[in-house]
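The values are calculated or read from the model by the stated rules, or taken from the named source; none is laboratory data. Because the structure is predicted, anything quoted here is derived from the model rather than measured. Cβ atoms come from the backbone with ideal geometry, glycine included; neighbour counts cover every protein chain shown.
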Amino acid sequence: MRLSRYFLPVLKENPSEAQIVSHRLMLRAGMIKQQSAGIYAWLPLGFKVLRKLENIVHEEQIRAGHIPMLMPTLQSADLWRESGRYDGYGEEMLRMQDRHGRDMLYSPTAEEMFTDVFRAHVNSYKDLPLTLYQIQWKFRDEIRPRFGVMRGREFYMKDGYNFDLSKEDALHAYNRHLVSYLRTYERMGLQAIPMRADSGPIGGDYTHEFLVLAETGESEVFYDSEITDLSFGDREIDYDSVEQCQAVLEEFTSRYARTDETHDEALFNQIPEERRRTARGIEVGQIFYFGTQYSDAMNAAVQGPDGKPVQIHMGSHGIGVSRLLGAIIEASHDENGIIWPEGVTPFHVGIVNLKQGDEEADAACEALYDSFTAAGLEPLYDDRKERAGGKFATMDLIGLPWRITVGPRGLKNGVVELTSRRTGESEELPPEQAVEKIIKIYANHRVTGL
Ligand code: ATP
Ligand code: MG
């Protein structure tokens with residue numbers, strides 16, 4: 001992409017309505033624009049990162065054997081009356097009537113609708129296990145939408161639902177989700193810690209929330225510091241293996257890590273004092289096992305091997321895809337702007353031309369641009385006739401992890417400058433070597449985007 005032809009409405013001033021750094025930087029970097037309280041237009045740069053996150057979630061869900069589909073955002077109230085949640089859900093549910101006076105709602109989550117699809121089409125134990133999921137907009141009429149996309153009213157969420165024949169199978173699905181979520185967050189350059197949580201209106205005994213530690217997080221959390229040494233890394237896992245998934249769950253959940261809702265001071269105090277941590281965290285996902293609650297209420301059973309009906313054990317699993325943008329920025333920025341992890345960056349490398357219009361500099365930039373594009377990478381070429389300082393400030397603000405600076409003086413010596421956004425370190429090297437280096441860096445991070 002050439003910056004002169006892109007739509008990147010960066011703001012020079014700090015927007016006064018933004019209380020936390022991620023909100024401020026998303027507005028300043030031209031990623032989002034507020035349309036109403038908690039409702040945002042996704043401008044091209046924001047949309048690009050959102051798509052990348054979505055793609056990672058899809059890839060990791062499909063890898064775990066889960067099947068993507070898509071539900072409508074508007075649902076009939078009748079399904080929710082069946083499950084008993086229509087009246088109980090409260091003011092967060094946006095309710096409306098169509099022209100015939102039928103009660104409708106904008107889906108805040110979709111247990112009912114997935115259970116409905118399941119009962120309409122699955123009749124036999126032979127069709128199980130089954131996990132269906134979607135990534136779709138949700139609406140919750142939050143009393144206090146704030147912090148930009150972190151607590152929106154309209155937000156983008158992955159929600160998955162497992163259908164199993166027994167509690168044992170459903171707990172395997174629970175563990176499988178935990179593993180797939182660990183992989184997902186790590187690919188986004190995030191450490192998200194599974195913490196024992198409270199099941200709230202969805203119900204059930206088994207639930208973990210995934211939290212990214214950040215001062216601006218809304219949840220108070222308590223954990224054993226040893227947990228932050230764990231990482232999933234690039235280990236291979238067989239998602240069908242009950243033992244392997246169980247082992248990962250045990251590894252990542254055996255140490256103390258809880259939100260304030262489930263915090264137990266006495267247990268916490270058994271950890272050696274130097275390892276006890278109290279901090280704040282951003283909830284980026286949650287997994288639940290809730291048994292037969294919905295399948296009972298909505299009469300979703302299948303025929304078992306002996307011809308008798310078997311009640312379905314279910315769980316649901318959510319990732320806050322749009323909230324993740326804010327969480328990543330909270331975890332990765334400096335005073336000049338965002339610092340995208342390689343796995344989610346909107347463009348892989350920025351090219352800054354110090355002397356636009358200079359024949360040699362222009363040609364060198366074009367050649368770099370073509371080499372990256374041919375390698376399947378997305379460069380952002382700042383080809384505007386602007387001062388170098390302004391170009392650097394924009395690149396720093398939008399946070400591309402790598403920048404190549406091209407100028408007549410360097411080119412005389414056959415070199416360009418390659419700069420890391422994270423460390424600020426620069427090196428001079430021939431253009432071909434800079435290209436090679438960038439391609440190598442992204443070899444393990446490639447996600448198809450827009
Ligand atoms: P919270 O406690 O933050 O209100 P929740 O527990 O009600 O969230 P879930 O039903 O578990 O949310 O939804 C799954 C995920 O969707 C959450 O882990 C969170 O990342 C995201 N999410 C929930 N509410 C919002 C919101 N208002 N804006 C953005 N993301 C949200
Ligand atoms: Mg939750």
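Filtered by the rule that a residue be more than 16 Å from ligand 1 (Cβ to nearest atom), touching a residue at least 60 places away in the same chain (Cβ under 8 Å) and in a loop (DSSP other than H, G, I, E, B), the range 250-308 gives 298, 299, 300, 304, 305.
Yes/no per residue for (1) in contact (Cβ under 8 Å) with a residue 60 or more places away in the chain; (2) on the phi > 0 side of the Ramachandran plot; (3) not aliphatic (A, V, I, L, M):
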residue	(1), (2), (3)
356	no, no, yes
371	yes, no, yes
383	yes, no, yes
388	no, no, no
395	no, no, no
409	no, no, yes
420	no, no, yes
424	no, yes, yes
439	yes, no, no
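Taken over the range 151-166, the criterion of being within 8 Å of ligand 1 (Cβ to nearest atom), part of a strand (DSSP E or B) and in contact with a Pro (Cβ under 8 Å, 6 or more places away or on another chain) is satisfied by 151 alone.
Among the residues in the range 75-96, are any closer than 30 Å to residue 335 by Cα, in contact with a Phe, Trp or Tyr (Cβ under 8 Å, 6 or more places away or on another chain), at pLDDT 95 or above and surrounded by fewer than 18 Cβ atoms within 10 Å (Cβ to Cβ)? Scanning the range 75-96, I find no residue that is closer than 30 Å to residue 335 by Cα, in contact with a Phe, Trp or Tyr (Cβ under 8 Å, 6 or more places away or on another chain), at pLDDT 95 or above and surrounded by fewer than 18 Cβ atoms within 10 Å (Cβ to Cβ), so the answer is no. Of the residues screened, residue 35 is not one that is surrounded by fewer than 21 Cβ atoms within 10 Å (Cβ to Cβ), within 16 Å of ligand 1 (Cβ to nearest atom) and modelled with pLDDT under 95.
Could you please let me know if residue 330 is outside the structural domain of residue 208 (by TED's automatic domain parsing), surrounded by fewer than 24 Cβ atoms within 10 Å (Cβ to Cβ) and at pLDDT 95 or above? No. None of 251, 220 is within 16 Å of ligand 2 (Cβ to nearest atom) and surrounded by fewer than 16 Cβ atoms within 10 Å (Cβ to Cβ) except 220. The condition (being of a type outside the set (Lys, Arg), surrounded by 15 or more Cβ atoms within 10 Å (Cβ to Cβ) and over 23 Å from residue 321 (Cα atoms)) is satisfied by just one residue among 43, 53, 3, 25: 3. Determine, yes or no, whether residue 247 is away from ligand 1 (no atom under 16 Å from the Cβ), outside any strand (DSSP E or B), in the same structural domain as residue 57 (by TED's automatic domain parsing) and among the small types (Gly, Ala, Ser). Judged against the criteria, residue 247 is a match. Taking the range 325-433 as the region of interest, none of the strands (runs of 3 or more DSSP E) fully inside it holds 3 or more residues being in contact with a Lys or Arg (Cβ under 6 Å, 6 or more places away or on another chain). Residues considered: 239, 174, 289, 256. Of these, the only one that is among the aromatic types (Phe, Trp, Tyr) and closer than 30 Å to residue 442 by Cβ is 239. Across the range 199-214, a minimum of one residue is classified as assigned by TED's automatic domain parsing to the domain that holds residue 60, in contact with a Lys or Arg (Cβ under 7 Å, 6 or more places away or on another chain) and within 14 Å of ligand 2 (Cβ to nearest atom). Within this structure, residue 167 passes the test of being away from ligand 2 (no atom under 16 Å from the Cβ) and of a type outside the set (A, V, I, L, M). Set side by side, the residues 176, 140, 183 differ, and just one is at pLDDT 95 or above, in the same structural domain as residue 332 (by TED's automatic domain parsing) and within 15 Å of ligand 2 (Cβ to nearest atom), which is 140.
One residue stands out in the range 97-127 among those that are of a type in the set (S, T, N, Q) and surrounded by fewer than 18 Cβ atoms within 10 Å (Cβ to Cβ): the one that is nearest to ligand 2 (Cβ to nearest atom), namely 97.
All of 85, 99, 95 fail the test of being among the basic types (Lys, Arg) and closer than 29 Å to residue 173 by Cα, apart from 85.
Residues that are of a type in the set (S, T, N, Q) and buried (at least 16 other Cβ atoms within 10 Å of the Cβ) are absent from the range 11-21 altogether.
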